[in-house]
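Undergrad: There's a structure below that I have some questions on.
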Amino acid sequence: MSKIFQHLVSSAVPVPIENIDTDQIIPARFLKATTREGFGENLFRDWRYNPDNTPKADFVMNNPVYSGQILVGGKNFGCGSSREHAAWAIADAGFKVVVSSFFADIFKNNALNTFILPVQVSEGFLDRIFKAIEADPKAQLEVDLENQFIKIVSTGEKEDFDINQYKKTCLLNGYDDIDYLLSLRKEIEQYETTRTYNF
Amino acid sequence: MGKTLFDKIWDSHIVVSKPGHPDAVYINTHFIHEVTSPQAFDGLRKRGIPVFRPAKTRATADHNVPTLHQDQPIKEALSRHQVEMLTKNTAEFGVELYGLGHRFQGIVHVIGPELGITLPGMTIVCGDSHTSTHGAFGAVAFGIGTSEVEQVLATQCILQYKPKRMKIEVNGQLGKGVLSKDIILYIISKISASGATGYFVEYAGEAIRSLSMEARMTICNMSIEMGARGGLIAPDETTFDYIKGREFAPKGADWDKSLEYWKTLYSDSDAEFDKVLTFDAADIEPQITYGTNPGMGMGVTRHIPALDQLDEKERPSFKKSLEYMDLQPGAELLGKKIDYVFIGSCTNSRIEDLRLVADFVKGKHKADDVVVWIVPGSKQVEAQAMEEGIDKIFAEAGFQLREPGCSACLAMNEDKVPAGMYCISTSNRNFEGRQGPNARTFLASPLTAAAAAITGKVTDVRELLVNS
Ligand code: SF4
């Protein structure tokens with residue numbers, strides 16, 4: 001898992017469903033591993049496979065026409081549980097960017113901490129992305145973190161996206177939150193001396 | 001200008017606030033469990049660092065434990081390994097563990113409050129989204145991911161942007177047979193599964209004030225189901241009475257000092273919220289969900305929305321959801337046959353829930369073809385239930401009282417609802433597959449679930465209350 005993200009041009013895998021919750025991304029029964037690796041094979045498990053473990057032909061990840069390092073989902077992506085395993089599964093399956101018109105809070109944090117870039121676009125732009133992929137499954141998207149835009153390459157349509165500057169610096173350089181927090185040790189110990197009780 | 005309760009707590013926990021950076025927020029209490037912690041301990045090992053303040057973290061095994069024969073080794077190898085890793089990690093890093101067999105073991109959001117670990121004014125986190133439960137005490141409590149668990153273990157701090165503040169007021173009085181679970185299901189159905197994303201919610205109003213602590217926990221528990229970062233309720237006498245005398249609660253002079261501080265924990269009258277919503281308790285009837293997110297709920301006597309009542313854009317997801325549930329748009333749920341009843345989870349597995357259900361089913365028997373699982377939230381709840389003879393009432397009613405854990409709330413252990421079956425459940429999520437692959441969930445209150453257990457179908461519990 002690379003900790004750095006700067007720029008990407010790739011085709012995308014569309015899952016145009018709203019409220020994709022973390023139980024769909026990775027069902028609880030696959031959370032038993034004690035490492036971060038290997039969750040990708042169970043990404044969207046129950047949409048992707050039949051109960052007898054044969055692939056469901058109509059699910060997009062089982063259709064070889066679709067591929068790429070960008071996952072595009074409907075509104076309110078990643079709602080539900082706080083399991084970071086959802087972000088790990090997406091990363092482990094080879095995605096570096098998730099695009100949606102709205103992300104659940106905890107998922108967004110978890111994605112950033114997994115060095116996956118969540119790109120929030122307007123509903124109109126999300127529609128155009130889905131349409132572009134419908135017209136051509138190999139349609140390329142360009143995501144540029146430094147300049148904070150996402151572009152549909154074939155049509156040149158482009159939208160800026162927001163990201164907080166701290167997280168942007170982390171992703172561009174491959175830093176993580178713990179590195180930063182560990183550097184605050186003195187301030188933390190100082191804070192502790194100001195509190196008498198544990199609240 | 002005055003401050004909201006949330007701001008008072010948050011601001012007093014900021015260690016460093018730098019422009020362009022998230023706040024470094026000090027965490028008073030950190031709960032961990034077997035599923036979301038192993039990778040965090042691994043991270044510490046890789047960095048070669050200890051747990052910074054081991055006494056501020058408490059561990060329990062709950063998500064993945066069997067609810068029968070807990071005295072025997074866990075049969076399933078992966079589950080056993082995960083629970084063993086927790087034992088190993090907590091021993092190695094000096095963290096207190098209430099593991100299987102311990103008299104304090106139970107669902108993390110049940111044991112924190114009942115042991116007096118959860119206190120007003122605290123910041124509390126756990127690698128579990130229902131950490132919002134602890135907000136019922138006037139604490140800022142929220143769920144985090146595993147990387148954040150590692151942050152807290154390493155530094156007792158977390159990096160967070162301050163969320164916006166929302167106030168939800170519920171005025172008036174609840175009707176007969178309507179519980180706090182119905183209040184929160186009602187609110188979520190009104191504002192949707194993402195209606196509070198980006199906010200921290202304070203619940204207020206007469207209907208909230210009149211609730212017991214356990215009922216308040218049910219409300220705060222489900223804050224996350226409308227996308228909120230967390231939910232909280234200002235502490236009052238009900239709160240202080242509940243805490244006093246509990247295992248780890250402050251005692252003697254510490255209690256007096258604490259109480260003095262806790263009494264300052266409320267939103268000032270001129271505090272500003274980014275959003276205020278108001279509801280009337282009298283409008284709330286017993287609720288039930290019909291779809292595959294908690295926002296898809298309604299009064300139990302209502303009909304599922306018809307397609308033409310929905311925005312064109314919402315229809316595909318709605319249809320997919322009803323197909324999964326094998327239900328028709330516009331249909332009613334009353335009288336719908338159910339197969340399983342699950343009374344448990346951090347939403348509704350406390351002693352009051354069990355008492356309420358026992359009171360209701362006393363002298364009744366479950367419908368023949370319904371399986372009823374009652375899973376207490378903790379060893380202490382289980383012990384209390386036995387002491388009060390509640391276990392016998394359940395046995396006579398044909399209800400199975402199992403051992404504590406998350407159980408069929410997320411079906412990580414073997415407590416799975418079989419494919420295609422309908423389960424009326426007091427838990428908090430009706431997602432596809434949540435209670436087992438292709439299982440179908442109706443979320444409801446413990447009373448509505450108990451009524452369904454007796455009749456074998458979706459029932460308006462108020463009718464049974466009138467008759468009894
Ligand atoms: S009971 Fe359910 S919601 Fe609560 S902590 Fe356990 S799995 Fe999470």
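The values are calculated or read from the model by the stated rules, or taken from the named source; none is laboratory data. All of these numbers come straight from a predicted model, not from anything done at the bench. Cβ placement follows ideal geometry from the backbone for every residue including glycine, while neighbour counts extend to all protein chains displayed. Just so you know, the surface numbers come from the protein's heavy atoms only, side chains and all, with ligands and any DNA or RNA stripped out. Shrake-Rupley method; radii C 1.70, N 1.55, O 1.52, S 1.80 Å.
Undergrad: Please get the size of the charge dipole for chain B, origin at its Cα centre, with Cβ charges of +1 on Lys and Arg and -1 on Asp and Glu, quoted in debye to the nearest 20.
TA: On the way: 50 positive and 59 negative charges, 139 e Å.
Computed about the Cα centre, the dipole is about 660 debye.
Undergrad: Of A:Thr114, A:Thr169, A:Thr54, which has the largest mean-square fluctuation in a 10 Å C-alpha GNM of chain A?
TA: A:Thr54
Undergrad: Would you mind pulling out the separation of the Cα centroids of the stretch B:325-373 and the stretch A:84-158, in Å?
TA: Using only Cα atoms to place each centre, the spacing works out to 41 Å.
Undergrad: Take chain A, connect every pair of alpha-carbon atoms lying under 10 Å apart with a spring to form a Gaussian network, then pick out the residue of A:Gly68, A:Gly78, A:Gly38 with the largest mean-square fluctuation.
TA: Highest fluctuation of the listed residues: A:Gly38.
Undergrad: Now, a different point. What does the buried accessible surface come to for B and A, summed over both chains, with the probe at 1.4 Å? Round to 100 Å².
TA: Values: alone 18270 and 10970 Å², together 23710 Å².
Using a 1.4 Å probe, the pair buries roughly 5500 Å².
Undergrad: Take the solvent-accessible surface of the protein heavy atoms, probe 1.4 Å, and return the percent of it on the stretch A:1-111 that carbon and sulfur atoms account for. Before the final figure, lay out each step's value.
TA: Details: 1860 of 3800 Å².
Carbon and sulfur: 49 percent of the exposed surface of the stretch A:1-111.
Undergrad: Please list, by residue number, every one of the GluC sites (Glu not before Pro) in the stretch A:127-198 that is coil in DSSP and has at most 14 other beta-carbon atoms within 10 Å.
TA: Values: sites: A:Glu134, A:Glu142, A:Glu146, A:Glu157, A:Glu159, A:Glu187, A:Glu189, A:Glu192; in loops: A:Glu146, A:Glu157.
For GluC sites (Glu not before Pro) across the stretch A:127-198 that sit outside H, G, I, E and B with at most 14 neighbouring Cβ atoms in 10 Å, the list reads A:Glu146, A:Glu157.
Undergrad: Given a 1.4 Å probe, how much area per residue of chain A is accessible, in Å²?
TA: Counting only protein heavy atoms, the per-residue value for chain A is 41 Å².
Undergrad: With a 1.4 Å probe and every protein chain left in place, work out the accessible area per residue of the stretch B:28-93 in Å², rounded to a whole number.
TA: Each residue of the stretch B:28-93 exposes 40 Å² on average to a 1.4 Å probe.
Undergrad: With a 1.4 Å probe and all protein chains kept in place, how do B:Asp359, A:Asp127 rank by accessible area, largest first?
TA: B:Asp359, A:Asp127
Undergrad: Further question on the same structure: Which whole-percent values make up P(r) of chain A when all C-alpha to C-alpha distances are grouped in 5 Å steps starting at zero?
TA: Cα pair-distance distribution for chain A, in percent: 1, 7, 15, 19, 18, 15, 10, 6, 4, 2, 2, 1, 0.
Undergrad: Now a separate question. Keeping all protein chains in the complex and leaving out DNA, RNA and ligands, what accessible area do you get for B:Phe52 with a 1.4 Å probe, in Å² to the nearest 10?
TA: Result for B:Phe52: roughly 20 Å² accessible.
Undergrad: A further question on this structure: Which of the listed residues, A:Ile129, A:Val60, A:Asn110, is farthest toward the dipole's positive end in the stretch A:49-133, when Lys, Arg count +1 and Asp, Glu count -1 at the beta-carbon?
TA: Going by the charge dipole, the pick is A:Ile129.
Undergrad: Among B:Ala136, B:Phe31, B:Ala77, which residue has its Cα furthest toward the positive end of the charge dipole of the stretch B:1-158, with +1 on Lys/Arg Cβ and -1 on Asp/Glu Cβ?
TA: The one lying farthest along the dipole's positive direction is B:Phe31.
Undergrad: Based on alpha-carbon centroids, what's the gap between the stretch B:427-461 and the stretch A:54-70 in Å, whole number please?
TA: Value for the Cα centre distance between the two parts: 33 Å.
Undergrad: So, one more: What is chain B's relative contact order, in percent, from Cα pairs under 8 angstrom and six or more apart in sequence?
TA: Over chain B, the number comes to 17 percent.
Undergrad: From the C-alpha gyration tensor of the protein assembly as shown, pull out the three semi-axes of the equivalent ellipsoid (sqrt of 5λ each), sorted largest to smallest, in whole Å.
TA: Details: eigenvalues 247, 198, 120 Å².
Those come to 35, 31, 25 Å.
Undergrad: Which pairs, out of A:Lys32/B:Lys88; B:Lys176/B:Lys379; B:Lys3/B:Lys181; A:Lys108/B:Lys56; A:Lys167/B:Lys162; B:Lys18/B:Lys46, put more than 20 Å between their alpha-carbon atoms?
TA: Too far apart for the 20 Å limit: B:Lys176/B:Lys379; B:Lys3/B:Lys181; A:Lys108/B:Lys56; B:Lys18/B:Lys46.
Undergrad: Let me ask something else about it. Protein chains only, probe 1.4 Å: how do B:Leu354, B:Leu334 rank by accessible area, largest first?
TA: Heavy-atom accessible area, descending, gives B:Leu334, B:Leu354.
Undergrad: Can you tell me the Rg and Dmax of chain B, counting just the alpha carbons, in angstroms?
TA: 21.5, 65
Undergrad: Rounded to the nearest 500 deg cm²/dmol, what is the calculated helix-only ellipticity per residue at 222 nm for chain B, with -39500 (n - 2.57) per DSSP H run of length n ≥ 4?
TA: -9000 deg cm²/dmol
Undergrad: Sequence gap at least 6, Cα distance under 8 Å: using those rules, report the relative contact order of chain A to the nearest whole percent.
TA: Once normalised by length, the contact order is 25 percent.
Undergrad: In straight Cα distance, which lysines are under 16 Å from A:Lys158, not counting same-chain residues fewer than 8 positions off?
TA: A:Lys131
Undergrad: Roughly how many percent of the accessible protein surface of the stretch B:1-139 is carbon and sulfur, given a 1.4 Å probe and a whole-percent answer?
TA: Exposed carbon and sulfur together represent 57 percent of the surface.
Undergrad: Can you pull out the GluC sites (Glu not before Pro) in the stretch A:1-107 whose DSSP state is coil and whose Cβ has at most 11 other Cβ atoms within 10 Å?
TA: Taking the stretch A:1-107 and a limit of 11 other Cβ atoms within 10 Å, the loop GluC sites (Glu not before Pro) found are A:Glu37.
Undergrad: Report, to the nearest whole %, how much of the accessible area of the stretch B:148-261 belongs to carbon and sulfur atoms, 1.4 Å probe, protein only.
TA: So the carbon and sulfur contribution to the accessible surface is 47 percent.
Undergrad: Compute accessible area for the stretch B:412-441 by itself and then with all protein chains, 1.4 Å probe, and report residues whose area falls by 10 Å² or more.
TA: In the stretch B:412-441, residues shielded by partner chains: B:Met412, B:Lys416, B:Arg429, B:Phe431, B:Glu432, B:Gly433, B:Arg434, B:Pro437, B:Asn438.
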